[in-house]
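The values are calculated or read from the model by the stated rules, or taken from the named source; none is laboratory data. Nothing here was measured: the structure is a model prediction, and the numbers come from that model. Neighbour counts run over all protein chains shown; Cβ positions are idealised from the backbone, glycine included.
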Amino acid sequence: MASIMEGPLSKWTNVMKGWQYRWFVLDYNAGLLSYYTSKDKMMRGSRRGCVRLRGAVIGIDDEDDSTFTITVDQKTFHFQARDADEREKWIHALEGTILRHTLQQVREAETGFVPSVQDFDKKLAEADAYLQILIDQLKLFDEKIKDCKEDESRRVRHNHFYLSSESMVESIKHCIVLLQIAKSCVLYHVCGSLQSTINPVDGVFQPTPLNTSIVSASAMPTQTTLPTDGAQVCKTEQRPSSLPVGPVVTVMGSLQTPPLNSTGSGPSAPSSSVTSPSHMNVPPHTVPDFSYSSSEDEFYDADEFYHSSTSPKHCIDPNRTAAVNSEDSTALKRPDTNESINSSMSNGTTDADQFDSHDERDDDAEGESVEEHKSVIMHLLSQVRLGMDLTKVVLPTFILERRSLLEMYADFFAHPDLFVSIADQQDPRDRMVHVVKWYLSAFHAGRKGSVAKKPYNPILGEVFFCHWDLPETEDPAASESVSDGPVPWSSKNSVSFVAEQVSHHPPISAFYAECFSKKIQFNAHIWTKSKFLGMSIGVHNIGQGCVSCLEYDEHYILTFPNGYGRSILTVPWVELGGECNISCSKSGYSANIVFHTKPFYGGKKHRITAEIFAPNDKKSFCSIEGEWNGVMYSKLATGENTVFIDTKKMGIIKKKVRKLEDQLEYESRSLWKDVTVNLKLTDIDAATEAKHRLEEKQRAEARERKEKEMQWETRLFHEDGECWVYDKPLLKRLASQRH
């Protein structure tokens, strides 16, 4: 057996046995990862199990620097290296092996085999490979232009050539995706079920041979028989070879991950180093049709993928899909003055006439699986690699949620009564407890459906306004409008909210909320940074928020958890993870909150634990645990237990947003109205076209600003050190009134 690597790893078996030491041998030529109970058993050829690497997908955990997974043959195998460096070596070798087996030339077809679709695969993969070369060359050309010190006229000509080349590259990308969709439709008509034709192996495309009676499930070889017309069946068979596409696999050395959580550590593997022997006297093994383990108790995720018979309602037109914070996705121009916010209000209208009663959160059509669009997603994932920043990855329209990210941030105040109750507390200890209560209640409202979808990426300069009406008070002044506030049409007894996309690179959103009558305000900024993790996508929310109780001159600084999109190829779902802190420098109270991600070997989803500390105390006076989208319980130092928050029973107060006809051009719902309407009608083509028109307009305005050497000016926020602060906060307005 010719291998390129051997060494110890721990393999997860089941909940009872946990991590088990195994000796692994990676066969470079066979594309096989075999494992044995010991090195001696390996020398005797007593193999415990093996993992086929053709069509495999490697996954990592962003919060664990030693474990990784291999998903293949509808199973997910879990491994643990001794440390991050050892994991990096294994992943690099595994990716190289996977890539090598996709670079093999297509073997001669058997006699009588119709090669038409196979030839299609070959040419399509070659086109995609050349596309990647062209993309790399275009990047180099762009760098050369930036370093060019020639006269301005030559620079203009070079820029024109670069823009033309960039347009050509985008056209080629979209053509390749359209061809893949066309092939998926062919497979659907032959088999009666849409089969995946693309598999993400860090930039590797897996073509599928097609016969009149035999179709290979290219992504995962299975033994499932799919009935067609009763006389024909579509059977799976092992594909002879595959071809490359997308970026070349890179070394994982640049990937940075947090240290291993103590709960995830298993039995430590022996200290033998990973080796790459040039010769081994090991009995040869044939490559099995499927990955297997000799013990049926060995752990894998059995139904990691499933086949859906649901056919897509529309053929997607990826020619106009939007880029995630893409280089060219820029903004509408800033108006000359901010007076247009007030001038656009409708005068003499009732509350029902002025505000839109529709809240995007009420839609029920968000629960569809992405299974029917898997071929497109697989192609997109084939363009990325583990640990890659997804800032500029193009995403299709159908995975979008029907609202902007700025509007999603408004869900932090879905319980405005809890927010304003902070200011009602007379004791600093009670105020900290209520800050924590509001904070923990702020996340569940952002996700109504079980299927995770991505909100629109806000455009530079995009804004969103809304407010929540609180129960009426006996004070008649509370019903007066706050003309100089962030939402001039809201009353003093309302919680008003405004958000703006203040930066494009990096993508930063700033938002502000206040309640005039309670003298409380909140200012925050979040920089979203996404990362590809194999079968998941991680979104790091970098930034902070500040709750200010103006009557007590207290400021509570808080941070935000990270978000993770899991099961991105089947039914995506969201979980939160990471440690967050809340602290008040004046009172000295603080809180530590941990959002726990679900471990693969058991445990519950959406768990949180929290501790609240008094000044200078190392022992908390209140402990909280539960689920951030369910029930959370508190335990005081006195031993008293009680329900802290029950999100299942808490009513969400709907926000009020002005009707579209009253909104400014650059307000979120006005900007994205055509995309939203067509997504609701499930007209993906029209939604994509609408998004394309919006993006083209932004690109033109970005080019105009560049030609005129103009800098973008934010509308409502300004940068203060490392923070983005609202221009006219309640604190500043009250101070000016006193003078």
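Details
- Qualifying residue in segment 537-556 (condition: modelled with pLDDT under 95, among the aliphatic types (A, V, I, L, M) and crowded, with 22+ Cβ neighbours inside 10 Å): yes
- Of the strands (runs of 3 or more DSSP E) contained entirely in segment 519-585, those carrying at least 1 residues that are within 20 Å of the chain's Cα centre (by Cα) and on the phi > 0 side of the Ramachandran plot fall at 537-549, 573-584.
- Total residues in segment 701-732 satisfying the condition of being at pLDDT 85 or above, of a type in the set (A, V, I, L, M, F, W, C) and touching a Ser or Thr at 6+ places or on another chain (Cβ under 9 Å): the figure is 4.
- Lone qualifier among Ser184, Ser196 - being under 21 Å from Asp121 (Cβ atoms), of a type in the set (Ser, Thr, Tyr), touching a Lys or Arg at 6+ places or on another chain (Cβ under 7 Å) and at pLDDT below 80: Ser196
- Segment 629-640 - residue that is modelled with pLDDT under 90 and not acidic (Asp, Glu) and, of those, surrounded by the most Cβ atoms within 10 Å (Cβ to Cβ): Asn629
- Residue list for segment 718-734, restricted to those being surrounded by 14 or more Cβ atoms within 10 Å (Cβ to Cβ), among the charged types (D, E, K, R) and within 28 Å of the chain's Cα centre (by Cα): Glu719
- Residue that is surrounded by the fewest Cβ atoms within 10 Å (Cβ to Cβ) [pool: residues in segment 641-678 that are farther than 30 Å from Leu418 by Cα and aromatic (Phe, Trp, Tyr)]: Tyr666
- Residues located in segment 684-713, provided they are surrounded by 18 or more Cβ atoms within 10 Å (Cβ to Cβ) and either within 19 Å of Asn523 (Cα to Cα) or without any contact (Cβ under 8 Å) to a residue 60 or more places away in the chain (or both): Ala686, Ala690
- Failed item, numbered, when Ser496 is tested on (1) of a type outside the set (Lys, Arg); (2) in contact (Cβ under 8 Å) with a residue 60 or more places away in the chain; (3) crowded, with 22+ Cβ neighbours inside 10 Å: (2)
- Residue check for Leu681: aliphatic (A, V, I, L, M), farther than 22 Å from Gly446 by Cβ and buried (at least 18 other Cβ atoms within 10 Å of the Cβ): no
- Pairing residues of segment 646-662 that are of a type in the set (Lys, Arg) with residues that are part of a helix (DSSP H, G or I), at Cβ distances under 6 Å and at least 6 apart in sequence or on separate chains, gives Lys655/Ala410.
- Top-ranked residue of segment 35-84 - restricted to ones that are of a type in the set (Gly, Ala, Ser) and touching a helix residue (DSSP H, G or I) at 6+ places or on another chain (Cβ under 8 Å), ranked as modelled with the highest pLDDT: Ala81
- Lys586 vs. criteria in contact (Cβ under 8 Å) with a residue 24 or more places away in the chain and over 28 Å from Tyr726 (Cβ atoms): no
- Thr97 vs. criteria more than 29 Å from Gly563 (Cα to Cα), in contact (Cβ under 8 Å) with a residue 60 or more places away in the chain and under 28 Å from the mean Cα position of the chain (by Cα): yes
- Among the residues of segment 56-81, those that are among the polar types (S, T, N, Q) and part of a strand (DSSP E or B) comprise Ser66, Thr67, Thr69, Thr71, Thr76, Gln80.
- Residues that are out of contact with any Lys or Arg (no Cβ under 9 Å at 6 or more places or on another chain) and not in a strand (DSSP E or B) were ranked within segment 32-55; the one that is nearest to Thr76 (Cα to Cα) is Leu53.
- Matching residues, segment 160-175, being more than 18 Å from His692 (Cβ to Cβ) and either of a type in the set (A, V, I, L, M, F, W, C) or modelled with pLDDT under 80 (or both): Phe161
- Applying the set (1) farther than 16 Å from Glu462 by Cα; (2) touching a residue at least 12 places away in the same chain (Cβ under 8 Å) to Tyr666 leaves exactly one unmet item: (1).
- Top-ranked residue of segment 503-519 - restricted to ones that are surrounded by fewer than 24 Cβ atoms within 10 Å (Cβ to Cβ) and not polar (S, T, N, Q), ranked as nearest to Tyr552 (Cα to Cα): Lys519
- The lone exception for Arg87 - which of (1) surrounded by fewer than 14 Cβ atoms within 10 Å (Cβ to Cβ); (2) at pLDDT 80 or above it fails: (1)
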